[in-house]
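Structure record follows, encoded as structure tokens.
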Amino acid sequence: MEDHEEICESFIEALNKAKAKLKPYKEISPLSQQTTPMGSDMGHMKLPAIELPTFNGDIDKWLHFRDMFSALVHSKPNLPPIQKFHYLKSVLSGIAAEVIQFIEVTTDNYEIAWELLTRRYRNNIQLVQFYYNAILELQFVRGESFVELQRVHDSVRKSVRALQSLGRFSESLEFWIISIVCKRLDSNSRKDWQMLINGKEIEEIKLDDFFEFLENKIMALKAAYGSEKKTDYKSRPNMYNMGK
């Protein structure tokens with residue numbers, strides 16, 4: 001019996017020592033607190049917090065701010081109106097904040113403040129003019145550079161998306177936009193585009209094809225010249241003539 005008791009005591013002592021060694025590893029497990037095990041309910045996964053958008057009154061930022069704030073705050077039925085009001089005031093600055101600065105923060109006044117703000121920046125004529133002018137006043141590309149082409153691509157695509165969102169874009173504008181933007185490109189890029197559309201009818205030339213052309217050109221220049229930002233296009237052979 002004494003041998004049996006000694007064996008039991010030794011086993012319990014060894015088990016407690018093992019638990020003591022494992023305890024630090026059990027306490028330090030930040031990854032397990034942030035992830036969800038395979039097969040568990042994905043609905044309980046803790047996602048990183050989304051930062052609320054800010055707005056200072058710049059008209060080109062309005063559509064993004066309106067859509068983001070509406071999705072994250074305004075459209076949430078379980079969020080009290082007065083809390084929405086505090087969120088709204090916290091993300092506004094400059095002339096945008098002045099629109100609602102004298103409205104008292106109360107439950108009933110939130111909808112009034114939101115309506116006042118949206119009415120101020122809901123001027124579709126001004127927005128449409130802004131995005132059309134952004135295309136018309138696009139800066140010329142300074143040499144065959146992927147940085148410059150990326151700037152053109154992103155600026156035009158942003159304007160087109162905004163016009164689509166405002167319901168002021170149609171297929172009839174596509175060739176006009178392509179023609180305007182193409183004049184802003186460097187000579188090599190213009191030649192490459194003209195070779196690509198050679199023999200096509202106007203109706204066949206689509207804006208998506210033009211964006212794809214720019215994207216392919218940007219990737220090709222990145223691959224060929226690495227981190228080089230600016231090069232002399234006069235000394236560079238035409239991409240479609242290389243290897244001929």
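The values are calculated or read from the model by the stated rules, or taken from the named source; none is laboratory data. Computed from a predicted structure; not experimentally measured. When we count neighbours, we look across all protein chains shown, and the Cβ atoms used for this are built from the backbone with ideal geometry, even at glycine.
Here is how the numbers come out for the structure above:
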{"item": "Within segment 55-111, considering residues that are of a type in the set (Val, Ile, Thr) and not in a helix (DSSP H, G or I), the one surrounded by the most Cβ atoms within 10 Å (Cβ to Cβ)", "result": "100"}
{"item": "Matching residues in segment 130-146 - criterion: being part of a helix (DSSP H, G or I) and either in contact with a strand residue (DSSP E or B) (Cβ under 9 Å, 6 or more places away or on another chain) or loosely packed, with under 14 Cβ neighbours inside 10 Å (or both)", "result": "133, 136"}
{"item": "Count of residues meeting criterion [basic (Lys, Arg) and either within 30 Å of residue 226 (Cβ to Cβ) or crowded, with 20+ Cβ neighbours inside 10 Å (or both)] in segment 162-189", "result": "2"}
{"item": "Boolean, residue 220 is surrounded by 12 or more Cβ atoms within 10 Å (Cβ to Cβ), more than 23 Å from residue 60 (Cα to Cα) and at pLDDT below 95", "result": "yes"}
{"item": "Single residue of 117, 149 found to be within 30 Å of residue 224 (Cβ to Cβ), crowded, with 19+ Cβ neighbours inside 10 Å and under 25 Å from the mean Cα position of the chain (by Cα)", "result": "149"}
{"item": "Positions within segment 135-153 being without any contact (Cβ under 8 Å) to a residue 60 or more places away in the chain and over 18 Å from residue 59 (Cβ atoms), in sequence order", "result": "139, 140, 141, 151"}
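To keep it simple, each residue is scored yes or no on (1) basic (Lys, Arg); (2) under 30 Å from residue 207 (Cα atoms); (3) in the same structural domain as residue 186 (by TED's automatic domain parsing).
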{"position": "65", "(1), (2), (3)": "no, yes, no"}
{"position": "104", "(1), (2), (3)": "no, no, no"}
{"position": "107", "(1), (2), (3)": "no, no, no"}
{"position": "130", "(1), (2), (3)": "no, yes, yes"}
{"position": "133", "(1), (2), (3)": "no, yes, yes"}
{"position": "139", "(1), (2), (3)": "no, yes, yes"}
{"position": "148", "(1), (2), (3)": "no, yes, yes"}
